[in-house]
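What follows is a single structure, written as C-alpha coordinates, with notes after it.
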Amino acid sequence: MTTASTITAPAVRTRQCPLCEAPAGEACQPKPSGDHLARYLDAYTAGQLTKAYMARVLGELVVVDACAVITIPAQRGEQ
Ligand SMILES: [Zn+2]
(Lines give C-alpha, C1' and ligand atoms only; values in the text may rest on other atoms or scores of the structure.)
Protein backbone atom coordinates (compact mmCIF):
# COMPACT_ATOMS: atom_id res chain seq x y z
CA MET A 1 0.00 0.00 0.00
CA THR A 2 1.30 3.43 -0.85
CA THR A 3 0.20 6.35 1.24
CA ALA A 4 1.99 9.55 2.08
CA SER A 5 3.14 8.08 5.38
CA THR A 6 4.64 4.98 3.81
CA ILE A 7 6.62 6.76 1.12
CA THR A 8 10.27 6.29 1.89
CA ALA A 9 13.37 7.10 -0.06
CA PRO A 10 15.65 4.08 0.08
CA ALA A 11 17.36 5.46 -3.00
CA VAL A 12 18.88 8.13 -0.81
CA ARG A 13 21.01 5.49 0.90
CA THR A 14 22.00 3.52 -2.17
CA ARG A 15 24.84 5.98 -2.70
CA GLN A 16 27.59 7.35 -0.50
CA CYS A 17 26.85 10.77 0.98
CA PRO A 18 28.82 13.37 -0.99
CA LEU A 19 29.07 15.57 2.08
CA CYS A 20 30.07 13.39 5.05
CA GLU A 21 30.91 10.25 3.05
CA ALA A 22 28.56 8.03 5.03
CA PRO A 23 28.72 4.72 3.13
CA ALA A 24 25.80 3.40 1.09
CA GLY A 25 23.17 1.83 3.34
CA GLU A 26 24.05 3.91 6.38
CA ALA A 27 22.43 7.08 7.63
CA CYS A 28 24.46 10.27 7.89
CA GLN A 29 23.16 10.77 11.41
CA PRO A 30 22.19 7.85 13.67
CA LYS A 31 19.73 9.43 16.14
CA PRO A 32 17.36 10.60 14.99
CA SER A 33 18.08 8.76 11.79
CA GLY A 34 18.67 11.29 9.07
CA ASP A 35 20.59 12.11 5.93
CA HIS A 36 22.14 15.26 4.57
CA LEU A 37 20.23 17.28 2.03
CA ALA A 38 23.30 16.96 -0.18
CA ARG A 39 22.58 13.23 -0.34
CA TYR A 40 19.03 13.81 -1.46
CA LEU A 41 20.20 16.21 -4.12
CA ASP A 42 22.77 13.67 -5.30
CA ALA A 43 20.12 10.94 -5.56
CA TYR A 44 17.69 13.33 -7.23
CA THR A 45 20.28 14.40 -9.77
CA ALA A 46 20.93 10.73 -10.50
CA GLY A 47 17.23 10.25 -11.18
CA GLN A 48 16.62 8.09 -8.11
CA LEU A 49 14.16 10.38 -6.36
CA THR A 50 11.01 11.90 -7.79
CA LYS A 51 10.46 15.60 -8.05
CA ALA A 52 7.39 15.20 -5.83
CA TYR A 53 9.46 13.50 -3.16
CA MET A 54 12.07 16.25 -3.28
CA ALA A 55 9.31 18.81 -2.90
CA ARG A 56 8.13 16.99 0.23
CA VAL A 57 11.63 16.87 1.64
CA LEU A 58 12.30 20.54 0.99
CA GLY A 59 8.91 21.40 2.44
CA GLU A 60 10.07 19.95 5.78
CA LEU A 61 13.13 22.14 6.00
CA VAL A 62 13.37 25.36 7.93
CA VAL A 63 16.84 26.08 6.66
CA VAL A 64 17.71 24.89 3.17
CA ASP A 65 21.38 24.05 3.03
CA ALA A 66 23.35 21.12 1.66
CA CYS A 67 24.45 20.19 5.19
CA ALA A 68 20.92 20.21 6.60
CA VAL A 69 20.01 16.77 7.96
CA ILE A 70 16.67 15.34 6.89
CA THR A 71 14.81 13.42 9.57
CA ILE A 72 11.32 13.66 8.14
CA PRO A 73 8.71 11.22 9.45
CA ALA A 74 8.43 9.49 6.10
CA GLN A 75 12.03 8.44 6.36
CA ARG A 76 11.89 7.12 9.92
CA GLY A 77 9.80 4.19 8.76
CA GLU A 78 12.59 2.64 6.77
CA GLN A 79 15.05 0.16 8.15
ZN1 LIG B 1 25.96 12.94 4.99
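The values are calculated or read from the model by the stated rules, or taken from the named source; none is laboratory data. What you see is a predicted model, and the numbers here were worked out from it, not measured in a lab. Quick reminder, even Gly has a Cβ in these numbers, built from the backbone with ideal geometry, and neighbours come from all protein chains shown.
Looking at (1) outside any helix (DSSP H, G or I); (2) more than 15 Å from the ligand (Cβ to nearest atom); (3) touching a helix residue (DSSP H, G or I) at 6+ places or on another chain (Cβ under 8 Å), which is the only condition PRO32 fails?
(2)
Tally time: how many residues in region 48-69 are touching a residue at least 40 places away in the same chain (Cβ under 8 Å) and in a loop (DSSP other than H, G, I, E, B)?
3
Hey, does region 42-62 have a residue that's among the aliphatic types (A, V, I, L, M), at pLDDT below 85 and over 9 Å from the mean Cα position of the chain (by Cα)?
yes
Hey, among ALA27, ALA38, ALA43, ALA11, which residue is among the aliphatic types (A, V, I, L, M), surrounded by 13 or more Cβ atoms within 10 Å (Cβ to Cβ) and not in a helix (DSSP H, G or I)?
Selected residue: ALA27, the only one of ALA27, ALA38, ALA43, ALA11 that is among the aliphatic types (A, V, I, L, M), surrounded by 13 or more Cβ atoms within 10 Å (Cβ to Cβ) and not in a helix (DSSP H, G or I).
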